[in-house]
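Colleague: Sharing a structure here in structure tokens format.
Read the figures in this text as sums done on the coordinates, not as results from a lab. Keep in mind that what you see is a predicted model, and the values were worked out from it rather than measured. Neighbour counts run over all protein chains shown; Cβ positions are idealised from the backbone, glycine included.
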Amino acid sequence: MSERSRRVEPTGRYRRAYARFVGRDKRRRQCIEETIDTLLKNPYEPHLKTHALKGALAGMLSCSCGYDCRLIFRLRDDPGTNSEVIILLDVGTHDEVY
């Protein structure tokens with residue numbers, strides 16, 4: 001049995017938050033890129049600490065991408081391609097995204 005493929009779709013909000021959060025910080029950029037690579041392999045990799053959110057963010061997931069960096073995303077099936085889509089919604093510090 002083969003594992004389903006995954007792809008990433010960043011939203012406009014995510015792109016703006018990413019630009020603001022990363023700025024010129026190469027370490028933050030690299031950490032986020034490594035986290036996305038890991039999400040593509042396994043969104044529930046233990047070191048990501050992926051968990052479901054509650055309240056106003058119910059239906060979304062969050063994972064850790066460094067000491068004080070959180071990535072908010074949603075998983076969606078794409079039956080047309082039999083793949084899973086990781087929709088990136090927001091990125092920032094804990095206080096910024098929650």
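Colleague: Full-extension gain between Ala52 and Ser83, please, as 0.36 nm times their residue separation minus the C-alpha to C-alpha distance. Can you show the working numbers first?
Modeller: On the way: separation 31, 0.36 × 31 = 11.16 nm, distance 2.06 nm.
Here the answer is 9.1 nm.
Colleague: Less than 9 Å Cβ to Cβ from Leu40, Lys/Arg counted +1 and Asp/Glu -1: what total charge do the surrounding residues give?
Modeller: +2
Colleague: Tally the DSSP beta bridges in the range 5-97 and give the antiparallel ones as a percent, rounded to 5.
Modeller: 70 percent
Colleague: For Lys26, give me every one of the lysines with a C-alpha distance below 28 angstrom, ignoring sequence neighbours fewer than eight places off in its own chain.
Modeller: Cα-Cα hits under 28 Å: Lys41, Lys49.
Colleague: If you fit an axis through the alpha-carbon atoms of helix 12-22 and take the longest principal axis of the Cα set of the chain, what angle between them do you get, 0 to 90°, nearest 10?
Modeller: Helix 12-22 sits roughly 40 degrees off the main axis of the chain.
Colleague: Now, a different point. Calculate the spin-label point distance for Lys41 paired with Arg13, positioning each point 7 Å from the Cα along the beta-carbon direction, and give it in nanometres.
Modeller: 3.0 nm
Colleague: Turning to a different aspect of this structure: For the range 1-42, take N as its residue count and report Rg(C-alpha) divided by 2.2 N^0.38 Å. Present the calculation step by step, with values, prior to reporting the outcome.
Modeller: Working: Rg = 12.6 Å, N = 42, 2.2 N^0.38 = 9.1 Å.
Compactness ratio reported: 1.39.
Colleague: Within the chain, what's the longest run with no trypsin sites (Lys or Arg not before Pro) in a DSSP loop and at most 15 other beta-carbon atoms within 10 Å? Give the range, please. Write out the running numbers ahead of the final one.
Modeller: Values: sites that count: Arg4, Arg24, Lys49, Lys54.
It runs 55-98.
Colleague: Using DSSP to call loops (not H, G, I, E or B), can you name the chymotrypsin sites (Phe, Trp or Tyr not before Pro) in the range 18-75 whose Cβ has at most 13 other Cβ atoms within 10 angstrom?
Modeller: Working: sites: Tyr18, Phe21, Tyr44, Tyr67, Phe73; in loops: Tyr44, Tyr67.
Those that pass, being in a loop and sparsely packed, are Tyr44, Tyr67.
Colleague: Roughly speaking, what % of Cα-Cα pairs in the chain are separated by over 23 Å, rounded to a whole number? Before the final figure, lay out the partial values.
Modeller: Working: 1010 of 4753 pairs.
Of all Cα-Cα distances in the chain, 21 percent exceed 23 Å.
Colleague: Still on this structure: Under the rule of -39500 (n - 2.57) per DSSP H run of 4 or more residues, summed and divided by the residues of the chain, what mean residue ellipticity at 222 nm is obtained, to the nearest 500 deg cm²/dmol? Before the final figure, lay out the partial values.
Modeller: Numbers: 3 runs with 31 residues, N = 98.
It lands at -9500 deg cm²/dmol.
Colleague: What is the spin-label model distance, in nm, from Ser5 to Arg76 if the labels are put 7 Å beyond Cα along the C-beta direction?
Modeller: Calculated label separation equals 1.8 nm.
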